[in-house]
Every structure is written in structure tokens, then in C-alpha cells.
């Protein structure tokens, strides 16, 4: 009977030792998992900080790009306005040049008619002087218009 009790106690001891070994094995396993998770948390935190820095830098770049875009839009708008103004001035100048050219053609045709219809020397000389006056007026008007156009282009 005593032998039986000793065996039972030895079996209980063996069972308790195995249980203790398994518990120690589980403890080491969980300790290792905890260390791995702590390492992963630290890595995730570093990555989060890097990503936050990157986000901040990209937001700053975005602000700079938006400001540049607004400046470029203003410049484009200003240039378009100037282009339209110059185009209007060009059209006005072309219109004035056409009118001056038409006036010159009229004066020339009138002068030719006056020259061809003139018979007498006095009339001929009067027509010639009138032709010269008309021509010089037309030429000076053309010069004035050209000068105005040149000034407008410089502005």
C-alpha cells in the first residue's frame, strides 16, 4: 500500500512537472510574442512619424503650387487683357490706315481728273498746286497716323 501511495505521488509529481514545463514553455512563447509585438508597435510608430512628416511636406508643396497657380492665372488674365487691348488698337489703326488710304486714292483721282480736264496754263498750275497741297495733306495725315500707331504699340 505504501508502494502504491509512492507511485501515485510520483505520478502526480511527474504530471505537475510536465504541467510546469508546459507552463514555462508557454510563458517563453508569450514573452517572445510580446517582444515581437512591442517591436512591431515601435516600427509602426516610426513609420507613422515618417508618413506624417511626408504629409506635412506635401501639404507645404501643395500650398506653394496653389500660390504659383494663382499667380500664373493672374498673369495669364493680365496678358489676355493686354492682348485684347492691343488687338483692338491694331484694328483701330488698320481702320484709320484704310480710311487714310481711301482718302489718298480719292485725292489722287480728283487730281488726275483736274489735270486731265485742265486746258489753260493758269488752271493747270492752280490744279497742280491744289494737287500738291492735297497730296501733302494726305501724306502728313498718314505720317500723323503712323506716329500715333507707333506710340500706341510702344505703350
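The values are calculated or read from the model by the stated rules, or taken from the named source; none is laboratory data. Note that the structure is a prediction, hence the values are computed from the model and not measured. Positions of Cβ are generated from backbone atoms using ideal geometry, with glycine treated the same way; all protein chains shown enter the neighbour counts.
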Filter pass, residue 109 being in a helix (DSSP H, G or I), closer than 30 Å to residue 150 by Cα and either in contact with a helix residue (DSSP H, G or I) (Cβ under 6 Å, 6 or more places away or on another chain) or modelled with pLDDT of 95 or more (or both): no
Scan of segment 71-99 for residues that are over 26 Å from the mean Cα position of the chain (by Cα) and farther than 18 Å from residue 151 by Cα, ordered by number: 98, 99
Out of 21, 68, sole residue that is within 58 Å of the chain's Cα centre (by Cα), surrounded by 10 or more Cβ atoms within 10 Å (Cβ to Cβ) and either assigned to a helix (DSSP H, G or I) or in contact (Cβ under 8 Å) with a residue 60 or more places away in the chain (or both): 68
